[in-house]
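Note sheet for the following structure.
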Amino acid sequence: MAGPLAGLKVLEMAGLGPAPFCAMMLADMGADVVRIERPGNTSVTGTTGAYDVLSRNRRILKLNLKEGAALDSVLALVERADILIEGFRPGVMECLGLGPEICLSRRPSLVYGRMTGWGQTGPLSHAAGHDINYIALSGALHAIGRPGEPPVVPLNYVGDFGGGAMMLAFGLLCALHHARLTGQGQVVDAAMTDGAALLSAMMYGMHAAGVWSNRRGENMLDGGAHFYGTYACADGKYVSVGAIEPQFYALLLEKAGIADAAFCDQNATRHWPQLRERLAHIFLTKTRAEWCALLEGSDACFAPVLDWDEAPLHPHNQARQTFVTVDGVLQPAPAPRFSHTPAATPAYAAAAPDDSAGIIDEWGRTDLGGNKGGS
């Protein structure tokens with residue numbers, strides 16, 4: 001595999017969304033990720049093969065960990081791995097005989113990543129939950145939505161992927177840096193409640209300073225400001241504006257042909273609801289394409305709101321190759337970009353049901369991870 005993480009050996013215990021997303025990120029960057037799945041395991045998304053995008057760039061071993069030989073195979077892989085990722089409830093890996101104490105005794109430099117919603121400790125740590133519950137507890141969900149309406153579910157971006165998978169990936173690489181300096185591995189406890197709270201750091205600071213309200217839809221970045229939000233067009237499609245800086249706001253008004261003096265005091269929050277209503281009527285006078293012709297590519301901080309089919313066709317995304325097609329399946333390309341170690345085009349997950357011995361032998365021959373300690 002090409003990429004900045006080429007040579008890194010990662011063992012992934014198959015689980016739900018955030019753990020596979022984290023493993024996908026590492027694999028996209030060149031890590032050799034081997035995923036352990038139960039025989040007969042099916043994706044939570046209901047997709048398989050090339051359609052199971054979260055599983056791309058992996059080798060998959062089908063092992064029944066209740067069998068002694070399968071457990072021995074996993075422990076042998078642990079002895080060669082740089083990172084292990086698991087996303088079960090606290091205690092499950094211990095019951096399988098693969099808890100941190102056992103694994104770190106086999107590979108002292110191992111970075112052992114644990115992905116959960118509530119974390120390994122705390123009164124809720126053993127309760128079931130999903131993304132929506134974790135971001136609700138963090139305060140993030142409360143802040144998303146329109147005034148007087150229930151909070152809006154932001155798909156599972158904030159908990160599973162942003163506050164979960166990406167925080168785990170960051171933690172793993174931090175711990176890996178320490179392991180390579182000292183030979184000492186450790187456990188990374190990544191909780192989606194913690195991660196979603198951290199994503200809200202700026203808002204908590206603004207709230208403490210008295211410049212961010214607890215009321216949804218009344219703040220600059222939550223749709224309260226008329227210059228930061230989405231608007232319907234004459235054809236039923238939508239556009240987004242984010243003209244925060246005064247010079248960009250002035251350009252938006254100029255290009256949109258708005259000479260109404262009521263718009264001059266940009267940051268008079270008491271006028272925001274009325275200005276939003278007026279701006280909504282203005283955007284309804286043209287189609288999305290007409291607004292794009294006027295505003296797109298300027299400093300008015302404008303972009304069309306594109307759907308799943310439209311986004312890959314936009315000229316900017318095409319120029320940057322933001323999307324790739326793998327075995328007929330259109331999907332986002334690896335990100336971010338690297339000037340000297342670019343990632344390769346992804347490949348869908350390849351099953352290796354009888355190759356545990358071969359992978360163990362391969363990892364033993366090419367100990368490229370650079371970890372100290374262990375065998």
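Computed from the coordinates by the stated procedures, all read-outs in this text should not be read as laboratory data. This one's a predicted model, so the numbers in the text were calculated from it and none came from an experiment. Cβ placement follows ideal geometry from the backbone for every residue including glycine, while neighbour counts extend to all protein chains displayed.
In a reduced charge model with +1 at each Lys and Arg Cβ and -1 at each Asp and Glu Cβ, the range 238-304 shows a dipole moment near 220 debye about its Cα centre.
Axis of helix 356-365 versus longest Cα principal axis of the chain: the two differ by about 90°, to the nearest ten degrees.
If the cut-off is 19 Å between C-alpha atoms, which aspartates and glutamates fall inside it for Lys237, apart from same-chain ones fewer than 8 positions away? In chain and number order, the partners are Glu277, Glu290, Glu296, Asp307, Asp309, Glu310.
Under a Gaussian network description of the chain, with springs only between Cα atoms under 10 Å, the residue in Trp308, Trp212, Trp118 that fluctuates furthest is Trp308. Over the range 238-304, the alpha carbon radius of gyration divided by the compact-protein estimate 2.2 N^0.38 Å works out to 1.04. Check cross-link reach from Lys9 to the aspartates and glutamates: straight Cα distance under 14 Å, and skip same-chain residues fewer than eight apart. Within reach: Asp28, Asp32, Glu79, Asp82, Asp361, Glu362, Asp367.
Can you tell me what share of the DSSP beta bridges in the chain is antiparallel? A percent to the nearest 5 is fine. About 30 percent, rounded to the nearest 5. For the pair the range 226-269 and the range 5-29, the centres of their Cα atoms are 42 angstrom apart.
Electrostatic bookkeeping for Glu290 treats Lys and Arg as +1 and Asp and Glu as -1; over the other residues with beta carbon under 15 Å from its beta carbon, the sum is +2.
How long are the semi-axes of the equivalent ellipsoid of the chain, defined as square roots of 5 times the Cα gyration tensor eigenvalues? Whole Å, largest first. Please report the intermediate quantities before stating the final value.
Numbers: eigenvalues 410, 111, 64 Å².
Sorted largest first and rounded, they come to 45, 24, 18 Å.
Working ranking of peptides 121-128, 174-181 by packing, defined as the average number of other Cβ atoms within 10 Å per residue, highest first, is 174-181, 121-128.
So, with +1 on the Cβ of K and R and -1 on the Cβ of D and E, and no other charges, what is the size of the charge dipole of the chain about its Cα centre, to the nearest 20 debye? The calculated dipole for the chain is roughly 300 debye.
Structure remark: mean-square fluctuation, Gaussian network model of the chain, C-alpha springs under 10 Å; the largest value among Gly117, Gly163, Gly217 belongs to Gly217.
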